[in-house]
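To keep things clear, I will list the structure first and then write my remarks on it.
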Amino acid sequence: MKVSEDTEKFHRLGVGSVTALSLIAPTFFEDRRLSTQLTTNASCVIDATVESVVRTPKTLKIIFFAHNVEERIEGVIFHPQSYMIHQFPTHQRAFFTGKAVLENSRWQIIQPVKISAVGALVPIYKTPLRVDVMRRLIEKYITLEALIADGLPENIAQTLYDIHFPNIPMPLSDHQLIALKFTELYDYMRRLKLKRRFHPTHYKAKGEIEKWSKTLPFTLTDDQKKAIKEIKADLSGEVAARRMIVGDVGSGKTMVILASVMLMRPYRSILMAPTTILAAQLYEEAQKFLPDLRIALVTNATKKGSLEEYDFIIGTHALLHRELPEAGLVMVDEQHRFGTAQRHALSKLTENDSAPHFLQFSATPIPRTLAMIESAHIDVSLIVQTPFTKNIETKIIHKNDFSLLLEHIRAEIAQDHQVLLVYPLVEQSESINYQSIDEARGFWEKKFENVYVTHGKDKEKEAVLREFREKGSLLIATTVVEVGISLPRLTTVIIVGAERLGLSTLHQLRGRVSRTGLQGYCYLYTNTSGKNERLESFGSCVSGFEIAALDLKFRSSGDLLEGSIQSGKKFRWADIGEDEKTVKEVKKWLDKDYFALTPHQE
């Protein structure tokens, strides 16, 4: 149904379709049946003739004769708008509604409003539009035919229609709530699907990895094999791949990247990483496990020159400022660290007459339900398993635990292990009740040797991290170390002001320790007293995917359509943490493989 003549109203409501409009359920229903008697402080409906109208500076007073209750009634409108007087032409008979009040044995109607008809229960909507305008919009667009035409299953459409036009108004039933959830997810995933673009490609994977995988000194996990199989199918198709591979910290995404390079042979692959350290680590891994390929590392320090001779090019955002040779596969690691424009620019740099395949990798786990929703826009692979089980003890500590903490740090350093201290700020702040790096570093440098300090604004941070990896004992930093640093000897992370950080950030920081199977420790330091349910729940979870699901309990679910999976827009009806079954049904319906929605048995 065309909505062009009501575009402005739809815009004010923040909706763009009949389906989205149907999600604005009535707040309550007003009884518009003609009153047989008046009750003080209750809504009433009268069939009345306007006898007179008097306007004062602050009120509009109307004298009605109500035929249905045979009473002369005074209507009072406080602070009237100029248009209101036109609702009450004298000597005309019409229907009016308002709140009846008995004042000194005389009846009044407060804030009377003219209505077009009586005899029904009228839905009232809480929206930016006037109640009558909103009601007319609903009556005009919310029809069974319009909802079905907009793509909804017939029984869902019928349930939505019944919510707006019930025979007997009642609170939302479980059945109606499920229909609203289905509709909201359907509308959202449909818009994601419409954003998806398909580009033909002549780059078809011809490489084999069976022989290569047998040369590895370890066995790939089942999740790694599954992701590689999905990527292989993508790279062999007629359409350029658009896939996001989401893996927990330490899940082995690097091997999936290298397997993708092997699959893409004989075509060239390009990988962009967010930091020089991470790019260098990936370069080292590629040289170790892809010895037969010519591999280049491109950073801001790399001399400019032709890259045509290389099979696999690994670099930082410096790649965006280079002339890149033709490539069949473009990959971005830690994709959330780059803007959409940067990722798009990289894929464009390598385009010729055919689009390259495009893979994004992320170490920020998302719940399965979120992955299914996201899959309407881009294919998603989840790597849940890790090559080995990490043994990390997580503990909440306070000021009175400090002496024990110092003992622990000394004991770890004595074993040639490394310790990471994460502070919330670089400089002192009056608004935050924690020391900054500048305030704390003197204490640690006095107590310990080989102390290194860095933070986000430090231009030398990557050099500091590299030197710390080889020589350091204690690293003091901000959350700059959250992503992409490999420190094999790091066994302990202490997070100061832990309650101020999101669970995913805490998980990333904890993921820096025990990378090689050593016993790990994560201490969450907080000045807040009493029980902290969020931190305690975090301490009992190990898997990043469990953390992501837990995060949904404490934060909004985010808005995938606008490019943010962090806290942000919250669904009105759907709960991403709980509604996996409904998400699956919507996905099937959108894929047009599912034409009959069976009733839920909750």
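Structure summary
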| quantity | calculated |
| --- | --- |
| Magnitude of the charge dipole, region 33-115, Cβ model with Lys/Arg +1 and Asp/Glu -1, debye to 20 | 240 debye |
| Cα-based Kirkwood hydrodynamic radius, region 417-484, one decimal, Å | 12.3 Å |
| Proportion of all alpha-carbon pairs of the chain beyond 31 Å (%) | 63 percent |
| Model label zone, Q158; criterion: amide N under 19 Å from point 7 Å along Cα-to-beta-carbon; scope region 130-146 | 142-146 |
| Nearest-20 debye value, the chain charge dipole, Cβ charges on Lys, Arg, Asp, Glu | 640 debye |
| Charge tally in the Cβ shell below 12 Å around Q108, where Lys, Arg are +1 and Asp, Glu are -1, Q108 excluded | +1 |
| Computed label-point distance, nm, for sites E51 and H202 using a 7 Å Cα→Cβ extension | 9.0 nm |
| Theoretical FRET efficiency, 1/(1+(r/R0)^6), r = Cβ-Cβ of E284 and E578, R0 41 Å, to 0.05 | 0.45 |
| Dipole-positive endmost among I313, G520, M170 within the chain (Cβ charges, Cα centre) | I313 |
| Descending Cα extents along the principal axes, region 33-115, whole Å | 32, 25, 18 |
| Under 5 Å, built H, 5+ apart or other chain: amide partners of G75 | I62, I63, F64, I109 |
| Length-normalised contact order of the chain in % [C-alpha pairs under 8 Å, at least 6 apart] | 12 percent |
| Crossing angle, helix 154-164 versus the chain [Cα axis fit, 0-90 degrees, rounded to tens] | 50 degrees |
| Per-selection Kirkwood Rh - region 212-281 (Cα, Å, 1 d.p.) | 13.4 Å |
| Kirkwood estimate for region 388-519, i.e. one over the average of 1/r between Cα atoms, Å | 15.1 Å |
| L172 paired with R441, simple spin-label distance in nm, labels 7 Å along Cα-to-beta-carbon | 5.3 nm |
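Where a number appears in this text, it was derived from the coordinates with a stated rule and is not lab data. Please read all numbers here as calculations on a predicted model, not as lab measurements. Positions of Cβ are generated from backbone atoms using ideal geometry, with glycine treated the same way; all protein chains shown enter the neighbour counts.
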